[in-house]
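Contents: one structure, followed by commentary.
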Amino acid sequence: MSGTMAHQRRHPGDAISSPPPASSDPSENRQRILTGLRPSGPSHVGHYAGAFSQWLELQNEFESFFLLADYQVSDYAENLPWIRWGLWEVTLDWLGVGLDPERSFFVIESGVPEFAELTLHLSWFLGLGHLQRNPTLKAELADLENKADTVPVAFFNYPVMQVSNILLPLAHLVPVGDDQLPHIEMTRDVAIRFNGRFGETFVVPEGRVGKVPRLVGIDGKGKMGTSAGNAIFLKDSEETLRAKIRSMFTDPKRLRATDPGTVEGNPVFLYHDAFNPNTAEVDDLKTRYRAGTVGDVEVKDRLFDAMNTLLTPIRDRRSYWAERPSDVRDVLQHGTKEMKRRAEPVMARVRTALSLDYLRDGPPQPPEGAP
Ligand code: TRP
């Protein structure tokens, strides 16, 4: 919050024209985070529980790069207007939850072409077989094949792109949802092999999963998803929040408030566990639910209170930024520029490691066995 206030005092344009803050000195010892999201639309409370809440804590300790992975949105070519909109929405969500652009960097992936260049080089270091064994990729591929009969080549590039996203800023830590762990495993593997073959070039990163790795949707069926029709969005109004919570699935076998109910796996209680900090109240509701002495309505009303308390300041901060589009633009421009500044020397090292500096010396010695 203090960062937002500091930003308020700035003059328009300051974010780009002022020198980078001291924290952006690459020689500094603070460890780095790189994490990100596909900007496919507004973020929901599943993103908050699974990722953003963890990022918020970590940004105090780590120098943080938050990536808007626009290269990674599927149907890229067909969906450009959607991505343009989604990128803006996610940026407002991040500012809303309190990711602090004074301390952290918001990066537009395609604004740093070095990501693409590194992807091309690293794609030689990752076998197709390795990709095909990646469980996250397998699941996504199965999904794609149901919808379309042609899988774009880009689909196989995207995990390599993710490897590049993490390695280029020399990130130490990647806080993500558990579905992303296979990608981080691949990243470590590529970094270790590259370093072994060409000398220390990349940091070998660690993954870290938050306390709620996946949140069920309000329909209780699958994971909450942006376009699954089962999401509570961070920007939802109070009325929308209330209506969505009222409509939530609970224990399907319980018909009356006096029937004993099941708490385990019940979406309303999963949300209480994720969002209600008053654990005494949650324990009491669970006890009474099991005994059949509390109705769904009361359980839901308490959930609404807890979630609304959490979301109100987020909504307010989001509106604050939404009313200042040129400041938002500055934030994106500043973060993207800083990422590029960091990427250039690392990319230069990679080119040298791969002996791409053909013109440095005169004609090379022929290698052994050359005709
Ligand atoms: N694949 C991630 C997602 O689907 C987004 C992402 C892109 C990412 N590059 C990354 C996450 C690097 C962590 C690190 O949301």
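The values are calculated or read from the model by the stated rules, or taken from the named source; none is laboratory data. Since we're looking at a predicted model, the values are computed, not measured. When we count neighbours, we look across all protein chains shown, and the Cβ atoms used for this are built from the backbone with ideal geometry, even at glycine. For the accessible areas, the whole protein counts, side chains as well, though only heavy atoms, and no ligand, DNA or RNA atoms are used. Shrake-Rupley method; radii C 1.70, N 1.55, O 1.52, S 1.80 Å.
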Checklist entry - Per-residue HN-Hα couplings for segment 120-136, Karplus 6.51 cos²θ - 1.76 cosθ + 1.60 at θ = phi - 60°, whole Hz, x for Gly and Pro? => result 4, 5, 6, 5, 7, 10, 10, x, 4, x, 4, 4, 5, 8, 5, x, 5
Checklist entry - Starting at 0 and stepping by 5 Å, how many percent of the alpha carbon pairs of segment 156-233 end up in each bin? => result 3, 15, 20, 18, 14, 12, 9, 5, 3, 2, 0
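I need the calculated FRET efficiency for the pair Arg193 and Arg329, taking r as the beta carbon distance and R₀ as 41 Å, to the nearest 0.05. Display every interim value, and only then the final one.
Values: r = 39 Å, r/R0 = 0.96.
It comes to 0.55.
Return the equivalent ellipsoid semi-axes of segment 263-344 as a descending list in whole Å, where each equals the square root of 5 times an eigenvalue of the C-alpha gyration tensor.
Details: eigenvalues 353, 49, 14 Å².
After diagonalising the Cα gyration tensor, the semi-axes are 42, 16, 8 Å.
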Checklist entry - Quick one: in segment 318-357, what % of C-alpha pairs are over 14 Å apart? => result 62 percent
Item to check | Nitroxide proxy distance, nm - points 7 Å out along Cα→Cβ at Leu128 and Asp283 | outcome: 5.7 nm
Checklist entry - Treating the beta-carbon of each Lys and Arg as +1 and of each Asp and Glu as -1, no other charges, what is the dipole magnitude of segment 270-352 about its Cα centre, to the nearest 20 debye? => result 820 debye
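Direction-averaged shadow area of the convex hull around the Cα atoms of segment 203-280, nm²?
Details: hull surface 32.2 nm².
Hull-based average projected area comes out at 8.0 nm².
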Checklist outcome for this item: With x for Gly and Pro, the residue-by-residue ³J(HN,Hα) of segment 94-99, computed from phi through the Karplus equation 6.51 cos²θ - 1.76 cosθ + 1.60 at θ = phi - 60° and given in whole Hz, is 5, 5, x, 6, x, 4
Item to check | Options His183, Pro113, Val282, ranked by Cα towards positive dipole end of the chain, top entry (Cβ charges) | outcome: Val282
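Please compute the per residue accessible area over segment 230-371 with all protein chains in place, 1.4 Å probe, rounded to a whole number of Å².
Working: 7870 Å² over 142 residues.
Value for segment 230-371: 55 Å² per residue.
Using a 1.4 Å probe over the heavy atoms of the protein chains, calculate the carbon and sulfur portion of the accessible area of the chain as a whole percent. Mind dumping the intermediate values first?
Values: 10110 of 18300 Å².
Whole-percent figure for carbon plus sulfur exposure: 55.
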Item to check | Amide H contacts under 5 Å for Leu67, placed H, 5+ residues apart | outcome: Thr35, Gly36, Leu37, Val107
Next on the checklist: What three numbers, in Å, describe the spread of the alpha carbons of the chain along their principal axes, ordered from the longest?
Outcome noted: 88, 51, 38
Item to check | FRET efficiency, Thr136 to Ser355 (Cβ-Cβ, R0 45 Å, nearest 0.05) | outcome: 0.85
Checklist outcome for this item: Taking the dipole of the chain about the Cα centre (Lys, Arg +1; Asp, Glu -1; charges at Cβ), the one of Ala51, Gly369, Val350 that reaches farthest to the positive side is Ala51
Next on the checklist: Less than 13 Å Cβ to Cβ from Leu87, Lys/Arg counted +1 and Asp/Glu -1: what total charge do the surrounding residues give?
Outcome noted: -1
Item to check | Farthest toward positive dipole pole in segment 86-155 [+1 Lys/Arg, -1 Asp/Glu at C-beta], among Leu126, Val153, Thr91 | outcome: Leu126
Checklist entry - For segment 61-111, what Kirkwood radius comes out of the mean inverse Cα-Cα distance, in Å? => result 11.8 Å
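Helix-only mean residue ellipticity at 222 nm, the chain, DSSP H runs n ≥ 4 weighted -39,500 (n - 2.57), per residue, nearest 500. What is it? Please report the intermediate quantities before stating the final value.
Numbers: 14 runs with 183 residues, N = 371.
Computed ellipticity for the chain at 222 nm equals -15500 deg cm²/dmol.
Arranged from highest to lowest average of other beta-carbon atoms within 10 Å per residue, in what order do the peptides 82-94, 241-253 appear? Walk me through the numbers on the way to the answer.
On the way: 82-94: 20.8, 241-253: 15.6.
Result, highest mean Cβ count within 10 Å first: 82-94, 241-253.
Please work out the average accessible area per residue across segment 76-218, using the 1.4 Å probe convention, and give it in Å². List each step's numbers first, then the result.
Values: 6490 Å² over 143 residues.
With the other protein chains kept in place, segment 76-218 gives 45 Å² per residue.
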Checklist entry - Placing +1 at every Lys and Arg Cβ and -1 at every Asp and Glu Cβ, with all other atoms neutral, what dipole size does segment 30-97 have around its Cα centre, in debye to the nearest 20? => result 120 debye
Checklist entry - About the Cα centre of the chain, what is the dipole size in debye to 20, counting +1 per Lys and Arg Cβ and -1 per Asp and Glu Cβ, all else neutral? => result 260 debye
Checklist entry - For segment 225-287, what is the relative contact order in percent, using Cα pairs closer than 8 Å and at least 6 residues apart in sequence? => result 20 percent
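Based on the alpha carbons, how large is the Rg to Rh ratio for segment 61-214 when Rh follows Kirkwood?
That ratio equals 0.95.
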Item to check | Those trypsin sites (Lys or Arg not before Pro) in segment 309-371 that DSSP places in a loop and that have at most 12 other beta carbons within 10 Å | outcome: Arg360
Checklist outcome for this item: Once Phe249 and Ser237 are pulled to full extension, the length gained, defined as 0.36 nm per residue separation minus their Cα-Cα distance, is 2.3 nm
Item to check | Efficiency of FRET from Cβ geometry, Leu144 and Arg208, R₀ 30 Å, rounded to 0.05 | outcome: 0.60
